[in-house]
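Let me begin by presenting the structure, written as structure tokens, before commenting on it.
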Amino acid sequence: MRRLLFTAPLATAAALVLAACGTTEPAADDAKESTEALTLTDASGAEVELDGPAEKVVGTEWNVVEHLVSLGVDPVGVADVKGYKTWDAAVPLKNEPKDIGTRGEPSMDTIASLKPDLIVATTDLQPNALKQLRKIAPVLEVKSADAADPIGRMLENVDLIAEATGTTERAATLKKDFGTTLAEGRKALADAGLDGAEIAFADGYVASNQVSVRPYTSGSLIGAVNERLGLKNAWKQKGDEAYGLASTDVEGLTGLGKVQFVYIGNDGDESSDPFANELAGNSVWKSLPFVKSGDVHRLDDGIWMFGGTGSMERYADALVASLTK
């Protein structure tokens, strides 16, 4: 599980009989889906031709799986189903999709056996894997992340997947609800006197008895949501160009000062919370101003930090509740 969390996003760092056959469930606000052929242009610039809105869809990364489920599409195949259920409880699977292997190395044979209408993958997947997938079914490749505009990238991916699955009206609702949640959260924080408060979101892990900390800069999706909520990102490090993530250690936290320090762990992964465990007796950690003042917040499990509108809404709600209690 540690490898799955910290090597995916890959650029930076079970199998049950299908009860619903992965059909697209029309949302209440969607008009009758068109059966006309579609031609889409994906993130690679390739044209993707479909006979009509895709119904049997495979997702090779958790963010696209979350988008599919949020749009009312039950994917027939999902990479690392157990991991998704552990880390993305904010948007739970509604069916029992086939596990197609890991996010970095999906099983081509398993995917082929599902006879999908469409495979949704991200730019994190290796080119040779994408080439093999295109021999099985049409592949819609979406850009995994973009530190220049994290929220815009997420929403564009939602729109593209919605177009491929005939759920564009549902996508519009998702985006509206997302905007409303952020606006309400911003108001609640402002009312609590926290407008402009400094926040440092991070996650951490342990390898060879050493604690590593991963700052989520302004270029991260979480960082962008924090700024939409009226908070100021306290990290000074520069993140990577895709996910806006940086790297430091406990000594690197000494420059933060008095901030709200926020993180997400997971009870299903014992190494995902070094802040409450391995660092509990660490003299540097205990000397940090935000630790001494009690401004360390572990948010709810199951909020995928690289997810879609559902995860980000759950994050915003959890963050506001924690900071204002």
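Restricting L133, L194, L125 to those that are in a helix (DSSP H, G or I) and buried (at least 18 other Cβ atoms within 10 Å of the Cβ) reduces the list to L133.
Against the list (1) out of contact with any strand residue (DSSP E or B) (no Cβ under 6 Å at 6 or more places or on another chain); (2) surrounded by fewer than 22 Cβ atoms within 10 Å (Cβ to Cβ); (3) within 25 Å of D146 (Cα to Cα), the condition S208 fails is (3).
Among all residues of region 236-245, there is none that is assigned by TED's automatic domain parsing to the domain that holds V296, of a type in the set (K, R) and touching an Asp or Glu at 6+ places or on another chain (Cβ under 7 Å).
Scanning region 275-288 for residues that are under 14 Å from L253 (Cα atoms) and surrounded by 14 or more Cβ atoms within 10 Å (Cβ to Cβ) yields F275, L279, N282, V284, W285, L288.
Any residue at all in region 57-74 that's touching a Pro at 6+ places or on another chain (Cβ under 7 Å) and farther than 18 Å from V158 by Cβ? No, every residue in region 57-74 fails to be touching a Pro at 6+ places or on another chain (Cβ under 7 Å) and farther than 18 Å from V158 by Cβ.
Exactly one residue among D249, D195 is touching a Gly at 6+ places or on another chain (Cβ under 7 Å), of a type in the set (D, E) and farther than 30 Å from S44 by Cβ, and that residue is D195.
Per the listing T254, T217, T180, the residue uniquely buried (at least 21 other Cβ atoms within 10 Å of the Cβ) and either modelled with pLDDT under 95 or polar (S, T, N, Q) (or both) is T217.
Across region 78-113, the qualifying residues are those that are touching a Gly at 6+ places or on another chain (Cβ under 6 Å) and part of a strand (DSSP E or B), and the one among them that is nearest to D267 (Cα to Cα) is V78.
The values are calculated or read from the model by the stated rules, or taken from the named source; none is laboratory data. Just so it is clear, the model here is predicted, and its values are computed rather than measured. Glycine gets a Cβ as well: all are built from the backbone with ideal geometry, and neighbour counts include every protein chain shown.
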